[in-house]
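Have a look at the structure below, then the notes.
The values are calculated or read from the model by the stated rules, or taken from the named source; none is laboratory data. As the structure is a prediction and not an experimental result, all values here were calculated from the model. As a convention, Cβ positions derive from the backbone with ideal geometry for all residues, glycine included, and neighbour counts pool all protein chains shown. What goes into the accessible areas is simple: the full protein's heavy atoms, side chains included, and nothing from ligands, DNA or RNA. Shrake-Rupley method; radii C 1.70, N 1.55, O 1.52, S 1.80 Å.
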There are 2 protein chains.
Amino acid sequence: MKIAVLGTGGGARAHIAKLAELGHEVAVGTRDPQATLARTEPDMMGNPPFKQFLADHPGIELHTFGDAAATSDGLVINGIDGHNAVTALSAIADQLAGKTLIDYAVPYIYKPDIERPWPTPWGVNPILDPCDSDSLGEQIQRALPRTDVVKAFVTQEQATVVAPKAIGDGDHTMFIAGADAEAKQQVTGLLRAYGWTDVLDLGPLITARGMEMYAHMHGAIGMALGFGTHFGIKVVR
Amino acid sequence: MKIAVLGTGGGARAHIAKLAELGHEVAVGTRDPQATLARTEPDMMGNPPFKQFLADHPGIELHTFGDAAATSDGLVINGIDGHNAVTALSAIADQLAGKTLIDYAVPYIYKPDIERPWPTPWGVNPILDPCDSDSLGEQIQRALPRTDVVKAFVTQEQATVVAPKAIGDGDHTMFIAGADAEAKQQVTGLLRAYGWTDVLDLGPLITARGMEMYAHMHGAIGMALGFGTHFGIKVVR
């Protein structure tokens, strides 16, 4: 398939590399390709410059967000940070129309008066906005009425979303939510290719609220296990 | 031990029955014992009248919140609903002083303008207040500076908190949080007696935010599995 990945951060790179390995044609979208290619320093999360990533992954093309989305024949992965996602995606609504957009962003807000180092010693991340009475997934869906938004990946570490078998025997749970059953089937197919065996459909996109709000639990579990320990959660029934 | 349970709802009853079965002396606290005993109809969650529960569980004593807390020789379980917990507990701060209070309340708010049937067909519960930048667990701790508050049980269904082995082989995770290591050890001891083998200490009470905010995920998972299906979550590492 021709799949577009919007974003060049750690999470996006994990998908880009895995999708290429699975034989898909991957187009990567960034706000300003020239600026992305000009960077020579690691990004704020310590990822090496994207130019180096491209050199290590031949065949991957870098485009603007809109051009990357336009190349997709059905599936687009949104790796744009939560704070900018709605604005950036609204601007390319035409290129996303008729396609499935997988969103895994967490709407973290870093307010100066409550800013804390990340990760904090007590495992709590910055606050979420929207939270509780709305979700970023729903906001994106409202901004893109011609696109089927599926919330997924968000409850799992970036590195192991594409490598579930790296934890336990891979027997943990991936959650998805969205309005369109066909779109969710498409995403489930991708997840099976990633190695997920337990995909739980939480139903309509309103359940993205819980998926995004789980971020604080996720951070607290990560701190409790020791930073860098890979983990997943399994719904035991 | 002499253990007090504050509240007479479904969650409280599960603890009362299990604690009595384990050989503890259990004192139950309610706002108005006469009113509680006078009820002849099931409560809003469909539980039979508390008088009937007492008849089925001989040896359990019913007191006011304060009198029940006063009988405890170290451990009190808070089963007062989230909306009333801070006010009701503040009023009996003296009787709770020097003890460990296990809090499992979720600060659900039912606002008329956003009220929905519970559980909703889409698995989303009423909104949470406090949420994200504070938690009910922290509010209770601030109201009770002479008491060690431990948040626990909150991520698990009421019925299976005291019967973890009813799900899978009991191999799922119970989370605890609180400032005092000794109090958390006391709670861990109780959890082991309940049958929990995987107790994960999330650290300080600020992580109660994530535990309470997980409520929406919990509701969504429950709806996805089918109402009435018992489940737990396991941190797979």
*Once the Cα gyration tensor of the protein assembly as shown is found, what semi-axes does its equivalent ellipsoid get, as square roots of 5 times the eigenvalues, in whole Å, sorted largest first?*
45, 21, 20
*Highest-fluctuation residue, B:43, B:134, B:67 considered, GNM on chain B with Cα pairs under 10 Å*: B:43
*log₁₀ I(q)/I(0) of region A:2-225 at q = 0.13 Å⁻¹, via Debye over equal Cα point scatterers, no solvent, to two decimals?*
-0.74
*Whats the longest run of chain B with zero chymotrypsin sites (Phe, Trp or Tyr not before Pro) that are DSSP loop and have at most 15 other Cβ atoms within 10 Å?*
B:111-226
*Could you give the Stokes-Einstein D for region B:32-104 in µm² per second, using the C-alpha Kirkwood radius, 20 °C, 1.002 mPa s?*
158
_Give me the dipole magnitude in Debye, nearest 20, for region B:2-225 about the Cα centre, with unit charges on the beta carbon: positive for Lys and Arg, negative for Asp and Glu._
140
*Can you grab the distance from the C-alpha centre of region B:13-79 to the C-alpha centre of region A:170-216, Å, no decimals?*
41
*With springs only between Cα atoms under 10 Å apart, run a GNM on chain B and tell me which of B:178, B:74, B:168 wobbles the most.*
B:168
*Would you kindly work out, in nm and rounded to one decimal, the distances from the label point of residue B:93 to those of the same position in each other copy, ordered shortest first, with label points 7 Å along Cα-to-Cβ?*
5.3
_Let me see the P(r) profile for region B:1-45: every Cα-Cα distance counted, bins of 5 Å, each bin given as a percent of all pairs._
5, 21, 28, 24, 14, 7, 1
*Report the net charge of residues surrounding residue B:22, where surrounding means a beta-carbon distance below 14 angstrom and charges are Lys +1, Arg +1, Asp -1, Glu -1.*
+1
*Would you rank A:72, A:133 by solvent-accessible area, highest first, keeping every protein chain in place and using a 1.4 Å probe?*
A:133, A:72
*How big is D for region B:149-237, in µm² s⁻¹ as a whole number, if Stokes-Einstein is applied with the Kirkwood radius of its Cα pairs at 4 °C and 1.567 mPa s?*
97
_Could you identify which residue out of B:66, B:226, B:189 has the top mean-square fluctuation in a GNM of chain B using Cα springs shorter than 10 Å?_
B:226
*Calculated from DSSP H runs of 4 or more alone, at -39500 (n - 2.57) each and per residue, what is the 222 nm mean residue ellipticity of chain B, nearest 500?*
-9500 deg cm²/dmol
*If you look for lysine pairs in region B:2-225 that are eight or more places apart or on different chains, how many of them have Cα atoms under 17 Å apart?*
6
*Got the residue A:182 label distances to the other copies yet, label 7 Å along Cα→Cβ, in nm, shortest first?*
6.5
